[in-house]
Each structure stands twice: as C-alpha cells, then as structure tokens.
1. What accessible area per residue comes out for region 25-158, rounded to a whole number of Å², with a 1.4 Å probe?
2. If 43, 2 are ordered by their accessible area, calculated over protein heavy atoms with a 1.4 Å probe, which sequence runs from highest to lowest?
3. Just to be sure I understand the rule: take each whole DSSP H helix in the chain, project its Cα atoms onto its long axis, keep it if the span is 27 Å or more and its mean Kyte-Doolittle hydropathy is at least -0.5. Which ones pass?
4. Hey, with R₀ at 22 Å, roughly what FRET efficiency would residue 13 and residue 68 work out to, going by the Cβ-Cβ distance, to 0.05?
5. Whenever you get a sec, line up 146, 125 from highest to lowest accessible area (probe 1.4 Å, protein heavy atoms).
6. With runs of 4+ DSSP H residues as the only contributors, calculate the mean residue ellipticity of the chain at 222 nm using -39,500 (n - 2.57) per run, divided by the residue total and rounded to the nearest 500.
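The values are calculated or read from the model by the stated rules, or taken from the named source; none is laboratory data. Bear in mind that the values here come from a model prediction, so they are computed numbers and not experimental data. As a convention, Cβ positions derive from the backbone with ideal geometry for all residues, glycine included, and neighbour counts pool all protein chains shown. Just the protein is used for accessible areas: all its heavy atoms, side chains included, with ligands, DNA and RNA removed. Shrake-Rupley method; radii C 1.70, N 1.55, O 1.52, S 1.80 Å.
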Amino acid sequence: MHPTRQKLLDTGLALAADKGLRGLTVRELATAAGVNLGSFVYHFGNRDAFIDELVELWYSPLYDELKAVAAKGSYPSAIATFEATVEALIGLVARQRGFINHLFGDALAGESAAQRFLLSLPRRHPLLLLEQVQKAQAEGSLVPGHPIQLMIFIMGSVGLPLVIAGSGRQLDWLPPETAPFLSQIDNPEAARQRLTWALRGLRPTDMQEGEAV
C-alpha cells in the first residue's frame, strides 16, 4: 500500500476511535496526517469511499481472528467450537469497545458509512456463527428448531445488552439512574455468564436430565 494512503488510514482509525466516524472530517484528517487535500482525493476520491475502506480495515482482522478460532479443529464438539467462537467475539468487543460504541452511535445518528457496514454484517461473522449453530444441532447438542431463531435468542441474550449500553452512552439517551444496571450488562464477564445460561437452556432435554443426575 502507498505510504500516504496507509498514513491517512492509520490516522483515520485513531481519530475514529476517539470521536467516531460522524465527527471525522476530511480537512481534520489531512491536517492530522500531514497530507494535503489533493493527496486525499487522489487516493480515496471522497469521504464516503475513505470511511468505507477505513471500517473494512478495522473489521477484517477481527473477522479473520474469529474465523481462525472457528477453524481451529481442536475442540471436542461443534457446540464447544461455537461457544469458543462466541467467547472470542465477546473478547473482541471488549477490546474494541470504543470503536464499536461509536459505530453503533454513528449509525443511529445517520452516518451512512456506518449504516452500510452494519447492513453488510449478516453476510459475515453472524453467518459464521449460524453455520456453527447448524452443526451443533446436527450433532444433537442444541435443540431442534430454526437455526436463525436460536441465533436470535443467543445473541439477543449475549450481545444485544452490550449494543444497547454502548450506543446509549454514545447518544446520551440512557438516564443516570441506569448506571448500576450497566455494570451487569456492559462487561465481558456478564456476557460470558449469559452465554453459559443461554446454551444450558438450549441443550436437548435428555442432556439436561443427564447433567441434573
């Protein structure tokens, strides 16, 4: 990659992590990177194209990390692989909390690049997780039923609270009284606990009875 292009992207990632995509202007970016506006236009054409590439640059290594966990092949079962992949996703969310919170806040505030990215997600890591749910059902470690329904239940329990808390902080719509509740929904350990509960509840009845004995 051309050094100037890389410098603009690296600077853009730092600025976006700090203030979000909707607060990122081309002039501020060029100044921070020490690059003239003509060079920005040469490499990216316009702001939308730059933001699209910037978000992909941020997301691609995270997605690759999840795929590596899913393909590891050292887990004893499909359900163990699925659980490890979701736990890896929880860890990534914890590490990238600032950028992710901004991303959802940006999308809700009307930033088109953030909206385009979120609309593209069903074809990415959610599809990876859905395939693992299907494999776990095939081996009999998850209850029968539409796999998308199971995914909605699991990710609604595990991930949705993180999204609500993060976007709420970014858009400042959560009242101060909610602070004590955020400690229970907006941290990785709480998310892992919810994952354990969700998977326990979705085991077939005979497996639950076997555990209870």
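1. I get 48 Å² per residue for this part.
2. Details: 43 30, 2 100 Å².
Greatest to least solvent exposure: 2, 43.
3. On the way: long enough: 47-70 (34 Å, 0.04).
Span-like helices, by this rule, are 47-70.
4. The calculated FRET efficiency here is 0.55.
5. Greatest to least solvent exposure: 146, 125.
6. -24000 deg cm²/dmol
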